[in-house]
Amino acid sequence: MPTTREPGKTLRERGADSFQAALAAVLAAALEEALTAGDHARAIRLINRGFAEGSPQLGCELLCRASAVVGTARTWTVQLTPSS
């Protein structure tokens, strides 16, 4: 009985996945440093980069992490579109 095989990812798709994974790791580490230092302005910039250069999912994950560390009493203002 033959099995159907889905085509593998292209080199471009694998590269994009790799870039997204690397970006997520770098932004998450930088966010942790900013939150530890109490640098909320930097944390917001990193969250914005997650949305702008990464994906909505990455931006949301970073925002949730910041909210969990700082608490819900802090108001987070993030930019959902890249700045020009």
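Key figures for this structure:
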{"quantity": "Length gained when the stretch A41-T4 is fully extended (0.36 nm per residue, less Cα-Cα span)", "calculated": "8.2 nm"}
{"quantity": "Sites E13 and C60, calculated FRET efficiency, Cβ-Cβ separation with R0 25 Å, nearest 0.05", "calculated": "0.65"}
{"quantity": "Summed residue charge, Cβ within 14 Å of A30's Cβ, Lys/Arg positive, Asp/Glu negative", "calculated": "-1"}
{"quantity": "Accessible heavy-atom area order of R45, R65, highest first, probe of 1.4 Å", "calculated": "R45, R65"}
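The values are calculated or read from the model by the stated rules, or taken from the named source; none is laboratory data. Every value quoted in this text rests on a predicted model; they were computed, and no experiment measured them. No Cβ is skipped: glycine too gets one built from the backbone with ideal geometry, and neighbour counts run over all protein chains shown. Surface areas here come from the heavy atoms of the whole protein model, side chains and all, with no ligands, DNA or RNA. Shrake-Rupley method; radii C 1.70, N 1.55, O 1.52, S 1.80 Å.
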